[in-house]
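Student: Please read through the structure below; I'll follow up with questions.
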Amino acid sequence: MKKPLVSLLLSALLLALCLAGCQKTGDPRREEGVIAVGIGQDLNSSLSPYQLTTAGTREVMFNVYEGLYKPAFDGSLVPALAETVAVSDDGLVYTFTLRGGVTFHNGKKLSAADVVWSYETCRDTTTDANVKSILTGTVESVRAADDRTVVITLKQRDGDFLAYAASVYIVPSGYDKLDTEPVGTGPFRYVSRKVQEEIVFARYDSYWGSKARLKQVTFKVYESGTALVMALDAGTIDMAAHLTGAQIKGLSDRYTVLEGTMNLVQGLYLNNRVAPLNDVRVRRALAYAIDTDQMMKLTADGRGTKVGSAMYPAFGKYFDDSLTDLYKTDAARARQLLAEAGYPDGFDLTIIAPSNYTPHVDTAQVLAEQLKAVGVRATVREVEWNTWVSDIYAGRQFEATVCGFDASTMTAGAMLNRYVSDSSKNMCGFSSPEYDALMAQAASLNDDARRTELYREAERVLAEECASVFLQDMADFVAVRTGLTGYRFYPLYVMDLSTVGWEN
Amino acid sequence: MAKQPVKNKNPFAGNWFLTAGAAITVFMILFTLLGQIWTPYDPSLPDENAMSLAPSPAHWFGTDSFGRDILSRVMNGAGTTLLIAFLVVLIGGIAGVIIGSLTGYFGGVVDEVLMRICDLITAFPSILLALIILRIMEPGVKNVVWVLAILFVPSFARVVRTEFARCRTQNYVKLARLQGAGPFRIMLRHILPNVWPVLLPAVSIGFNNAVLAEASMSFLGVGVSASEVSLGRMLYDSQNTILRGAPWYALTVGLVIVLMILGFSLLGEGLRQRNR
């Protein structure tokens, strides 16, 4: 009877030694110059550059696609596929000279015809309402003057046009498999995808600019925050972005944590169409009841930046920090406003949070408790991300939801247009003639200083009318395997992997 | 004749299982009931000055990442779990007794159809069925109760059916029938009291399984919603911290679950032995 036990113990010991040995023998991914990146959601079903509806898809596909211009680390726009641009004095004619020697991932050479085709396809199919309105409303014509010159004529001047040009990605003309086999000009080319599992990119060796340092990047999909953290603990991924304070706490020392900002506005978004939230006094009461500082302390050790309106600080001139304390936490004031609005005993409120975004769920839980303190009986309901997109964002079946809105382009409109009454993106159903007028006026102006002033005024209206409770631009923690260098934060929600690489 | 339990003897005497099970269960029920009227701290109020504290005299079970006192949450959350278990056993038990008595007593086509449906429910992996149903409906106490109650019907129906089928041919039932008693009177007044000794352990084990089922479902994220406190939900919240600096959260919640089901299992075993 004793022998089997001894051999069992011995084999267990051997196995343990073997496993310990395996962990020590270097890092196969490091030796091969590849990495695995954990992402919190699967990409959109279509990978076409004009169907990138979720921020999570945009940040990944940023590595594959490029426009004529491209945002840089500091938020400025730098020439990408265009080498230079000449703008006529009246600001209506943009003449782009294309960079020579640029090839698509399928080997085709970039020509002006591709640009024209891309602009036409984007105009007809894009899901981005802001880009669509520019391409249909502002742009008069896009034509190829010769093989390397594209002339874009505008109907009226638009100071943000280059920012939009940066978001119209250029693809080979006539290419019809963008949904499933995307082809662009970026530093990485698409290799393969397993739905809800992984997406693989490889370095594009004929890239026109400085080539990516990594040979291959595999994005692994973890549809719950817990699974993502477990993958980090187990060392199956080398990098994960958008982590929370709680998630990085106790992370093994194999990782270095970088801190940036998420570049979005996290808010308690309120459906302005439904009672009692259609009453501005009720919305203000909620804003007075909420203590954003406490929420940030509880969910992210106090890191993050308060915003106060639908604009985040990385936008610089458009961001108005005087709005952040417009509603200083004041429970008595909140109760008084509720009483004035006819709800002295509060009301029931369901706060919906997408279950795959732990930070939003955490925030929702804290807010619910803060609201209870003034008599609003708030409960949190978690929904799956797909349900959130279809029922809440598109279907508008909600009272309140915690989520974040980001900007697809570095323009004020990207953040503010969604509150214009008739915007298709107006999830909150905010409706203010004053706001609509300010936005319309700002869009029609040429004078940048005056425009900025109007946008800031519009932000004030949003805050004063309390379209929603705007909370913060969250701290963005990125865990990278020690030895992996070069990750840089953008003022946009993108994850640029071209500068990332293993240290020698 | 069916065996009648000995009534006058002290039921706890010599029955170690029953004694320990009853003691633990009574303690856990008192602990839970207390948690519904009084807890050391507000179980859901976050406190930014007390985040992730280890167990101490001020917080016996420590605090979670929102600074909420875990002991208070456990006391309060055990109520949600017990309430779910109670309702599941009540609804599942009543439906099980009705189905079991009808099928066991009458047999025939009704028996075949109902018991095959029960087989179907049993054959289907229960967690998967719960996942599917709760993906369609939304998470929350009410729906967890319905799902689990449906899943629990077969176990009760089986036990009751066997007893009814056995008692149907016993002499006292035949006598009652000869005296002109209708089938429902026989089932209710004559057979059912004899089924109790078998049913009680099943109820106790049912409690046990319901507590575990709630814990597993909430742990998988398809149980109660984020603002409801339950033992399973707390396990779900604690999974990030088990190996990362705050193991007391999962351990204390786990301890309470273990005590709870230990009490019910011992009680069930004790009841079974008593009827031997």
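Student: So for segment A:265-473, averaging the separation of alpha carbon pairs under 8 Å that are six or more residues apart and normalising by length, what relative contact order in percent results?
Tutor: Relative contact order, segment A:265-473: 34 percent.
Student: For each of B:Arg73, A:Arg189, count neighbouring Cβ atoms within 10 Å of the residue's Cβ, then give the residues from fewest to most.
Tutor: Ranked by crowding around the Cβ, least crowded first: A:Arg189, B:Arg73.
Student: Evaluated at 10 °C with a viscosity of 1.306 mPa s, what Stokes-Einstein diffusion coefficient in µm²/s does segment A:336-411 have when Rh comes from the Kirkwood expression over alpha-carbon pairs?
Tutor: In µm²/s, the coefficient is 117.
Student: Taking every Cα atom in the protein assembly as shown, find the radius of gyration and the maximum pairwise distance Dmax, and write them in Å.
Tutor: Just the Cα atoms of the protein assembly as shown yield Rg and Dmax of 32.0, 111 Å.
Student: Now a separate question. Just going by the charge dipole of the protein assembly as shown, with Lys and Arg at +1 and Asp and Glu at -1 on Cβ, which of A:Ala72, A:Gly260, A:Ala231 is farthest out on the positive end?
Tutor: Toward the positive end, the furthest listed residue is A:Ala231.
Student: Sticking with this structure for a sec: Please list the non-local residues whose amide H lies under 5 Å from the amide H of A:Leu349, H modeled 1.01 Å from N, same-chain partners needing a gap of 5 or more.
Tutor: A:Arg377, A:Ala378, A:Thr379
Student: Moving to a separate point now. Using the Karplus equation 6.51 cos²θ - 1.76 cosθ + 1.60 (θ = phi - 60°), what ³J(HN,Hα) coupling, rounded to whole Hz, does each residue of segment B:171-180 give in order, writing x for Gly and Pro?
Tutor: Per-residue couplings from phi come out as 4, 5, 6, 4, 4, 4, 5, 4, 6, x Hz.
Student: Moving on to the next point. Calculate how large, on average over all directions, the projected area of the Cα convex hull of segment A:241-370 is; give the answer in nm² to one decimal.
Tutor: That works out to 9.1 nm².
Student: What are the principal axis extents of the Cα atoms in segment A:265-473, in Å, biggest first?
Tutor: Cα extents, longest axis first: 49, 37, 34 Å.
Student: Below 8 Å, C-alpha to C-alpha, sequence gap of six or more: please give me the relative contact order for chain B in percent.
Tutor: The value is 28 percent.
Student: Which whole-angstrom value gives the distance between the alpha carbon centres of segment A:43-105 and segment A:445-459?
Tutor: When both Cα centres are located, 25 Å separates them.
Student: Further, regarding this structure: Nearest 5 percent is fine: what portion of the DSSP beta bridges confined to segment A:265-473 is antiparallel?
Tutor: In segment A:265-473, DSSP labels about 55 percent of beta bridges as antiparallel.
Student: Another question about this same structure. Arrange A:Lys194, A:Lys215 by Cβ neighbour counts within 10 Å, fewest through most, would you?
Tutor: If I rank by nearby Cβ atoms, fewest first, I get A:Lys194, A:Lys215.
Student: Another question about this same structure. Using the Karplus curve 6.51 cos²θ - 1.76 cosθ + 1.60 with θ = phi - 60°, what ³J(HN,Hα) values do you get for each residue of segment A:32-39, in whole Hz, with x for Gly and Pro?
Tutor: 8, x, 10, 9, 10, 10, x, 10
Student: Counting other beta carbons within 10 Å of each residue's own, what order do A:Phe315, A:Phe96 fall into, fewest first?
Tutor: A:Phe315, A:Phe96
Student: Which angle from 0 to 90°, rounded to the nearest 10, does the C-alpha axis of helix B:141-168 make with the longest principal axis of chain B?
Tutor: On a 0 to 90 degree scale, this one is about 30.
Student: May I pose another question? Which peptide among A:245-254, B:162-171 comes first, and what is the full order, when sorted by highest mean count of other Cβ atoms within 10 Å?
Tutor: Going by the mean number of other Cβ atoms within 10 Å, highest first, we get A:245-254, B:162-171.
Student: Moving on to the next point. Run through the DSSP bridge list for the protein assembly as shown and note the antiparallel percent, rounded to the nearest 5.
Tutor: 75 percent
Student: To check my understanding: the extent here is largest minus smallest coordinate of the Cα atoms along each principal axis. What are those three numbers for segment B:97-192, in Å, largest first?
Tutor: Answer, in whole Å and largest first: 53, 23, 17 Å.
Student: Near the amide H of A:Lys70, under 5 Å away, which other amide H atoms are found, from residues 5 or more places off or on another chain, if H is placed in the peptide plane?
Tutor: Distant-sequence amide H within range of A:Lys70: A:Val78, A:Ala80.
Student: Further, regarding this structure: Which whole-number percent of Cα pairs in segment A:87-226 have a distance greater than 28 Å?
Tutor: 28 percent
Student: Take every Cα pair under 8 Å in segment B:169-235 that's 6+ residues apart, average their separations, divide by the length, and report that relative contact order as a whole percent.
Tutor: 19 percent
Student: Taking Cα centroids, how far is segment A:288-340 from segment B:151-174 in Å?
Tutor: Between the Cα centres of segment A:288-340 and segment B:151-174 lies a distance of 64 Å.
Student: Still on this structure: Whose amide H sits under 5 Å from the amide H of A:Leu264, counting only residues 5 or more places off or on another chain, with H placed in the peptide plane?
Tutor: Residues meeting the criterion, in which the H sits 1.01 Å from N, are A:Met474.
Student: Sticking to Cα atoms, compute the Rg of segment B:17-113 to one decimal and its Dmax as the biggest Cα-Cα distance, whole number, in Å.
Tutor: For segment B:17-113, the Cα radius of gyration and maximum Cα-Cα distance read 20.9, 67 Å.
Student: With a Cα-only, solvent-free Debye model of chain B, what are the log10 I(q)/I(0) values at q = 0.13, 0.17 Å⁻¹?
Tutor: Listed by q, the Debye log ratios stand at -0.91, -1.27.
Student: If you take the square roots of the eigenvalues of the alpha-carbon gyration tensor of segment A:120-186 and sort them as a ≥ b ≥ c, do you get rounded (a/c under 1.5), prolate (a/b over b/c) or oblate?
Tutor: oblate
Student: Now a separate question. Suppose only helical runs count, i.e. DSSP H with n ≥ 4. What mean residue ellipticity at 222 nm does that imply for the protein assembly as shown under -39500 (n - 2.57) per run, divided by all residues and rounded to the nearest 500 deg cm²/dmol?
Tutor: -14000 deg cm²/dmol
Student: Compute the Cα gyration tensor for segment A:65-165, then decide on rounded, prolate or oblate, letting a ≥ b ≥ c be the square roots of its eigenvalues: rounded whenever a/c is under 1.5, prolate when a/b is larger than b/c in the other cases, and oblate in all that remain.
Tutor: It comes out rounded by the Cα gyration axes.
Throughout, read-outs are computed from the coordinates displayed, never taken from laboratory work. All values reported here derive from a predicted model rather than from experimental measurement. With ideal geometry, Cβ positions are generated from the backbone for all residues, glycine too; neighbour counts draw on all protein chains shown.
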